[in-house]
Each structure stands twice: as C-alpha cells, then as structure tokens.
Amino acid sequence: MSTRENKDIVRRQWYQELWDNWNVNEADELFTADYQLHLPGIPTAMNREGTKQVVKMFSASFPDLRHTVDEIIGEGNTVAARWTVRGTHRGEFQGIPASGRSVRLSGTTVHHLAGGKIVETWLTFDNQELLQQLGAVPQTSQV
C-alpha cells in the first residue's frame, strides 16, 4: 500500500468509521489479528477485542464525540496524526457520572500498517486535562 492509501485508511476507517460513527465492527476489517493499542497510563497493550471495548466505553460516555484531523503525516507504513476531539459527557466515564459538560481534547496517534491493516497504534492525550474538563479533578493554576 502507498503512503497515501495508508493515510486514507487511518483517516476514513480509524477516525470516521471506528471513532466518529462508533462502528466497532470496522475493527475486524481495520486491525490485524495481532493488533496492539498502546494507551497512556496502561502498561500492557490492548488487543483488537480490548480496543473494541475502549471504543464502546467512549461511545457510551461521549455519544456525540467527533474528531478533527488537524494534521496527518505518513512515511511508508507509518501514519501519524494530530487530532482534536469534541463531545459531551452524557454517560458514566471511568466511574464519573454524566456531567453534561462539553469537552475538547487534543492528542496524537502513530499507526503502523501492513497490507492495508493497522498492526499497532500508539495513542497519546492528556488524561488529566480530560478529567479537569469533566470536573473530576481540580484545575491547575497557571503560573
């Protein structure tokens, strides 16, 4: 697959289908059988089924979540994206009851692909910032 095709796969299948449309069945087509998702603060990578559970958790917590891909860069079989996500906290999230608060969060993903499927994803975002926006932890003061 070309770099352009890999970028299209990430943009269309990862962001639009899996995360914005909550199509968890897309994971079976999008990920290799030995897929691994690396999340901040989680010491062990998640497999394809674990990743589906993460997507389901976010869909229940933030049903209107939408991504904007701010920048996408590809080289060979690696695609990196800088993104912004916006949504409303309408369901329990990690033990935090629905607050109705709007959230806006930025992060990055680095995907490694093979044969038109994602083999591995490294996802980074500021979980502290998300918890602050939900009112679960106090805002830090600016110096």
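Observations on the structure shown:
- Range of Cα positions in the stretch 3-133 per principal axis (Å), largest first: 42, 28, 27
- Our coupling estimate for the stretch 52-57, obtained by passing each phi through the Karplus curve with A = 6.51, B = -1.76, C = 1.60 and θ = phi - 60°, is 4, 5, 5, 4, 4, 4 Hz, Gly and Pro reported as x.
- From helices alone, the chain scores -6500 deg cm²/dmol at 222 nm; the rule is -39500 (n - 2.57) for each run of n ≥ 4 DSSP H residues, then divide by the residue total.
- Comparing mean-square fluctuations of I42, I96, I72 from a GNM of the chain with C-alpha springs under 10 Å, the top value falls on I42.
- Whole-Hz couplings from phi, Karplus 6.51/-1.76/1.60, listed for the stretch 123-131; x for Gly and Pro: 10, 10, 7, 8, 4, 4, 4, 4, 5
- Among the GluC sites (Glu not before Pro) within the stretch 44-116, those in coil by DSSP and having at most 15 neighbouring Cβ atoms inside 10 Å are E92.
- Under 19 Å from K117, Cα to Cα: aspartates and glutamates that are on another chain or at least 8 residues apart: E5, D8, E17, D20, E26, D28, E29, D34, E49, E75
Just so you know, all these numbers are worked out from the coordinates, no wet-lab data involved. Since the structure is predicted, the reported quantities are computational estimates derived from the model, not experimental observations. Ideal geometry is used to build each Cβ from the backbone, glycine not excepted, and the neighbour counts take in all protein chains shown.
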